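The values are calculated or read from the model by the stated rules, or taken from the named source; none is laboratory data. Just so it is clear, the model here is predicted, and its values are computed rather than measured. Cβ placement follows ideal geometry from the backbone for every residue including glycine, while neighbour counts extend to all protein chains displayed.
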């Protein structure tokens with residue numbers, strides 16, 4: 001449908017918990033998913049949450065294939081995840097650099113669980129239940145955090161591990177913008 005403006009950190013909506021989706025397979029929900037997909041694709045994002053485009057609903061989309069922002073990560077299948085729940089499989093965590101379309105031009109070292117199960121529904125009301133690890137698990141946690149009003153800088157343990165992409169990685173050829 002349309003490429004939407006992505007809200008930036010500081011916008012009050014990004015710090016609120018989103019509302020659950022009550023009705024599936026509706027024109028409004030399909031339009032929202034199309035807007036999320038179009039916006040994510042246009043910005044080379046790994047994922048996008050509805051609050052990032054100004055819609056306070058529990059809807060995220062994520063997909064990583066051939067993405068210039070993440071050239072060395074494993075593929076993540078395109079997924080529309082609605083009203084999600086995450087279950088941590090074990091306490092193992094790792095830290096990795098994350099960026100965000102709502103925090104353009106910056107990166108931070110963020111600890112995330114390495115293995116988890118996510119459940120929810122797609123836009124048609126079909127159940128989703130997956131157990132994932134690695135980058136896939138990281139992407140899901142990052143996007144679902146948006147539904148609870150959490151941006152990745154809020155998870156950084158040491159603010160010395162947060163800064164502008166071009167300063168932290170001067171040889172990186174792509175940015176978050």
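Results, tabulated for the structure shown:
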quantity	calculated
Some residue of the range 170-177 being modelled with pLDDT of 95 or more, over 13 Å from residue 97 (Cβ atoms) and surrounded by fewer than 19 Cβ atoms within 10 Å (Cβ to Cβ)	no
Residue satisfying all of: in the range 14-32; in contact with a helix residue (DSSP H, G or I) (Cβ under 9 Å, 6 or more places away or on another chain) and surrounded by 15 or more Cβ atoms within 10 Å (Cβ to Cβ); farthest from residue 83 (Cα to Cα) among these	14
Pairs, first touching a residue at least 60 places away in the same chain (Cβ under 8 Å) in the range 151-173, second surrounded by fewer than 16 Cβ atoms within 10 Å (Cβ to Cβ) and outside any helix (DSSP H, G or I), C-beta under 6 Å, six or more apart	151/9; 165/105
Residue count, the range 144-158 (criterion: surrounded by 15 or more Cβ atoms within 10 Å (Cβ to Cβ), in contact with a helix residue (DSSP H, G or I) (Cβ under 9 Å, 6 or more places away or on another chain) and within 18 Å of residue 93 (Cβ to Cβ))	5
Subset of the range 62-119 [within 18 Å of residue 6 (Cβ to Cβ) and free of Cβ contacts under 8 Å to residues at least 40 places away in the same chain]	63, 67
Residues (under 16 Å from residue 139 (Cα atoms) and part of a loop (DSSP other than H, G, I, E, B)) located in the range 44-68	44, 45, 46, 58, 65, 66, 67, 68
Residue in the range 78-94 that is surrounded by fewer than 19 Cβ atoms within 10 Å (Cβ to Cβ), modelled with pLDDT under 95 and farther than 26 Å from residue 158 by Cα present	no
Residue that is nearest to residue 36 (Cα to Cα) [pool: residues in the range 120-135 that are touching a residue at least 12 places away in the same chain (Cβ under 8 Å), out of contact with any helix residue (DSSP H, G or I) (no Cβ under 7 Å at 6 or more places or on another chain) and not in a strand (DSSP E or B)]	122
Selection within the range 150-170 - part of a loop (DSSP other than H, G, I, E, B) and closer than 23 Å to residue 78 by Cα	150, 151
Residues being farther than 17 Å from residue 84 by Cα, buried (at least 16 other Cβ atoms within 10 Å of the Cβ) and modelled with pLDDT of 95 or more - total across the range 44-54	1
